[in-house]
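Note sheet for the following structure.
Nothing in this text is a laboratory measurement; each read-out follows from the coordinates by a stated rule. The structure displayed is predicted, hence computed values, not measured ones. Cβ coordinates were reconstructed from backbone atoms using ideal geometry, including for glycine residues, and neighbour counts include every protein chain displayed.
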Amino acid sequence: MAPPAIAVTGMGCISAAGATLAAYEQTVAGTPPGCAPVPKWLFDTAFTFPVFMARKDPLSPRARQILAANGLGLTEDTVHRTVLLALEAAVQALDQAGLQPEGIRDKRVGFSLGTTVGCGFNAESYYAAWRQGKRPDLAPVLAYYHANISATVQALLGLQGPVAVVTNACASGTDAIGLAKGWLETDRCDLVLAGGADGMSRITCNGFSSLLLADAQPCRPYDVSRKGLNLGEGAGILCLEKEQGARRRNAPLCGYVRGYGAGSDAYHPTAPHPQGVGMVIAINKALATAAKTIQDISFINGHGTGTAANDLAETTALATVFGRQQVPLISTKPLTGHTLGAAGGLEAVFTLAALRQGRVKGSVRCLDIDPALPYKPLPEHAEAELTGPYGISQSLAFGGGNGCLILEAVHE
């Protein structure tokens, strides 16, 4: 028997490009957000590479109300920023799906969220003080106990069901959605909140800067002048349900997760395989599980970090799979920065949004396409009408992990 179709009934997102999906869409149509050095209110760093920050207070009134009423003693001061970002995106996704936490407490609600470091490095000041022989307050350590973003957001919403945090570097959010698809297909839950979240971390910022992967200017993926990436932060979450159940409650349908594939380069601790072999595997697996061919795909939301090695490996993989068929390819990271574990979740939301609108603009600041790229992206000045409802959202990760989603939009 064929597995059930997995419907997307809600989408939530917060990033530098906007605190909601509607705000993101206005950003796409207007002026790209700026990036700047890490603000002093977050942490100090000697590096001055610019980053893309979500707003200082990420919670909407509704999310703040839920946090205040959680009954667990958790507050904005005792949970980490990554949790707050994930909570905000989850509340948005539930709201669009027409669901309130109070109304689904009898359901099996899974949480499958990707992150890289999540909240793991945010107690850094405590450990530094402890090593200096001081007796620092235990609050950062106690907050660390609530650093599991899936379990904590689930508890804040008062829901029950399977919980997983996926940490596969920059493919985490994509893989978390793939995992959620499997949960629903095997009837492990009734609905799933799936995607990714990552707040800005000093260790992460310093690490990418030390690896010489950060650009001192706003990033420009696929452009011949690109110098690297800019880090970002945010969260992107989909509300997933089996189609039959969604239709039974007359839920709004944004689209479907039709296929998922993963593949490993097994090549290098950080650099992608030059031929993008793992990405080729992931795309082909996703197409197979979706029962689609390359002729069905009308749009590719690429990983597009702006690093020389990533952009070349990714476009080499796409050239291998698609050959001469030039499906529009863009990167949304010039609007959000590289949000690491959140990237796959945010970009799945953005992919469905573009597919629903039926058109896509080229990559911001991609003005002079690198001639060495074997698959050509859509440059900034261009716009493409999409020929169908199916698109790809793909991620390439440190360690050689690659993930790919085939998404279908239900048009507005």
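General observations
- Amide H to amide H, with H built 1.01 Å from N, V51 comes under 5 Å of A36, V38, counting only residues 5 or more places away or on other chains.
- Radius 12 Å from Cβ of T167, net charge of other residues (Lys, Arg +1; Asp, Glu -1): -2
- Spin-label model, I203/V141: points 7 Å from Cα along the beta carbon direction are separated by 1.6 nm.
- Of the three principal axes defined by the Cα atoms of the chain, the extents in descending order read 62, 54, 41 Å.
- Links that overshoot a 32 Å alpha carbon limit, given the list K40/K181; K107/K333; K40/K107; K56/K134; K181/K361: K40/K181; K107/K333; K40/K107
- Backbone HN-Hα couplings from phi across the stretch 385-392 [Karplus 6.51/-1.76/1.60, Hz, Gly and Pro as x]: 7, 8, 8, x, x, 9, x, 10
- Relative contact order, percent, the chain [alpha-carbon distance under 8 Å, six or more residues apart]: 22
- Loop-located GluC sites (Glu not before Pro) in the stretch 15-116 whose Cβ has at most 16 other Cβ within 10 Å (DSSP): E76
- Residue order, fewest to most beta carbons within 10 Å, for S209, S112: S209, S112
- Label-point separation, D44 to T270 (7 Å along Cα→Cβ), nm: 2.6
- Taking every DSSP helix (H) stretch of at least 4 residues in the chain, weighting each as -39,500 (n - 2.57) and dividing the sum by the residue count yields a mean residue ellipticity at 222 nm of -9500 deg cm²/dmol.
- Å³ per residue enclosed by the Cα convex hull of the stretch 151-207: 82
- Overall, the chain carries a charge dipole of about 320 debye about its Cα centre when +1 sits on the Cβ of Lys and Arg and -1 on the Cβ of Asp and Glu, all other atoms neutral.
- The ranking of L318, L378 from fewest to most other beta carbons within 10 Å of each one's beta carbon is L378, L318.
- For the stretch 51-142, a simple Cβ point-charge model (Lys and Arg +1, Asp and Glu -1, everything else neutral) yields a dipole of about 180 debye relative to the Cα centre.
- Förster-model FRET efficiency, 25 Å R0, A151 and A23, C-beta, rounded to 0.05: 0.30
- Modelled FRET efficiency - R0 41 Å, R248 with I294, Cβ distances, 0.05 increments: 0.75
- For the chain, the share of DSSP beta bridges that are antiparallel, to the nearest 5, is 70%.
- As a proxy for reagent exposure, C404, C189, C366 were ordered by neighbouring Cβ count within 10 angstrom, fewest first; the result is C189, C366, C404.
- Here the Gaussian network model covers the chain, with springs between Cα atoms less than 10 Å apart; of R365, R62, R135, R135 fluctuates the most.
- Based on the Kirkwood approach, the hydrodynamic radius assigned to the stretch 1-138 is 18.0 Å, with every pair of different Cα atoms included.
- Beta-bridge orientation, the stretch 259-409: approximately 75 percent antiparallel, per DSSP, counting only bridges with both partners inside.
- Three principal axis extents of the stretch 82-167 based on alpha-carbon atoms, in descending order, are 52, 22, 20 Å.
- Positive-end residue of P32, T315, L396, charge dipole of the chain with Cβ unit charges: L396
- Residues with amide H under 5 Å from that of Y260, placed H, sequence gap 5 or more: T289, A290, I406
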